[in-house]
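These notes are about the structure you will find just below.
Throughout, read-outs are computed from the coordinates displayed, never taken from laboratory work. Fair warning: this is a prediction, and the values are worked out from it, not measured in the lab. Quick reminder, even Gly has a Cβ in these numbers, built from the backbone with ideal geometry, and neighbours come from all protein chains shown.
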Amino acid sequence: MEVRRTVPVALDVDSDDAVLLEDTVDTFLWSAQYVVDHAFTGEYVTTSKTTLDDETYDDVRENTDGFNGGLVQAARNKAAEACKSVVARWKNDKKASKPTFTSPHVVYDHRTATFHDDYVSLATIDGRIEADYVLPGEDSDTPHSKYLFADEYEITGAELHYHDGDWVLHIHCKKDVESDTSKQATPENGTVLGVDLGVNTLAVTSTGTFWTGNEFDHWRREYEKRRGSLQQCGTRWAHENIQSVGRKEDGRFTLLLHRISNELVDEARGNGCSVIAFEDLTDIRERTGASWGHKWAFDRLYEYVEYKAEEHGITVEQVDPENTSRRCSHCGFTHPDNRTGEEFECLKCGYENHADYNAAKNIGLRYLRRNQTGSGGGAPLGVRLNSGMLNVNGGYSPAEESARTRVHAESHDFSRG
């Protein structure tokens, strides 16, 4: 099995090299757009990389004064994948228009980039430049130490991104691992861990573990206050410091979300879960009143849990969130008045608990029922709770040995049944 990771690394780029990179970005985007425009000229959209290479390579090189051949092919690949995506959406009766490339980036591989321990060499429109990595402390438990500098991972390529004067290289790494079914929870014997996401409580599991949003909200307000003060100055110094604040904010939140994702996966592993079920994140802002910052955090947390769970043979899925916060996980009665803020009390059976914890159990049950009524076999047996398990019908069975509840950031006093 192949495990892939992407590690963002900030680059220290001097002013002269920055000019070269900016021109390289512009040329790369122009090249990709040229290929897309050509692909859409015929009766059918061309998606074959070979055909697009034969029909556009020489034209692109001529129109870009001999742009690096490897980067021309990378731009062609980017264009071909974008065209394939459009055609796939059309086949599924979904709307899609001709792709346009505006986000400043360049795709690199081993022909156009050389990756060293503390710097990278990148091809540009005029030779190569070298840029030092800007790395966290050596003792930091970060993706840099886990993947980028780990002997078992191989660097396969990278994407260079540019935003507000900052250059960040998203380095792709991979490693091959042998499949060991003895280390993986089998679907026949596994259970589901339900996870509810929210504003006041970032994540709650069906086992009764809470991660509050206090730290996230505190620092989000703090960084907004700092940016607001600097924006009032309007000086170049203030503008540079706004960028510095943004980097610190991204770094702090990334570390926080990595920590929570690690603990979520550990929660699943410790409870023998073969599936981690989240609510569908598509309209979560409308449902929860979350800010764009929270939506970003939810997306990143899901992404981190997904790839970290993969290493342990755990599947991560999303389910329809409709009524998961209004439905009683005890008797199934659904009503808007069951929930008041963070409190849940069923109007029918009187079941009381924290509303987000009740929702986490319902999310697990939603996955369980969807899977058992589907065409696939080997469905998980139940939703894991702290003190036992819920079966597909909502029936509760106690565990022989209850797991110790871990409550993060705040202590809570809720029943776990």
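Laid out as a table, the results:
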read-out	value
Shape call, region 1-109: gyration tensor on alpha carbons, a/c limit 1.5	oblate
Ranking of Ser274, Ser85, Ser31 by count of other Cβ atoms within 10 Å, fewest first	Ser85, Ser274, Ser31
Footprinting exposure proxy for Lys78, Lys361 (fewest neighbouring C-beta atoms within 10 Å first)	Lys78, Lys361
Distance (nanometres) between label positions extended 7 Å along Cα→Cβ at Asp59 and Asp151	5.1 nm
28 Å Cα-Cα threshold exceeded, pairs from Lys49/Lys98; Lys98/Lys308; Lys95/Lys175; Lys95/Lys295; Lys49/Lys94	Lys98/Lys308; Lys95/Lys175
Ascending count of other beta-carbon atoms within 10 Å, so fewest first, for Arg366, Arg61, Arg339	Arg61, Arg339, Arg366
HN-Hα J in Hz across region 308-319 - Karplus 6.51, -1.76, 1.60, θ = phi - 60°, x for Gly and Pro	6, 5, 4, 4, 10, x, 9, 8, 10, 10, 10, 10
Length-normalised contact order for region 2-176 - Cα pairs under 8 Å, 6+ apart - percent	34 percent
Cα gyration tensor shape for region 32-73, rounded if a/c is under 1.5, else prolate or oblate	prolate
Karplus-derived HN-Hα couplings along region 25-39 (A = 6.51, B = -1.76, C = 1.60, θ = phi - 60°), whole Hz, x at Gly and Pro	4, 4, 5, 4, 5, 4, 5, 4, 5, 4, 5, 4, 4, 5, 4
Long-range amide H partners of Gly190 with built H, under 5 Å	Leu381
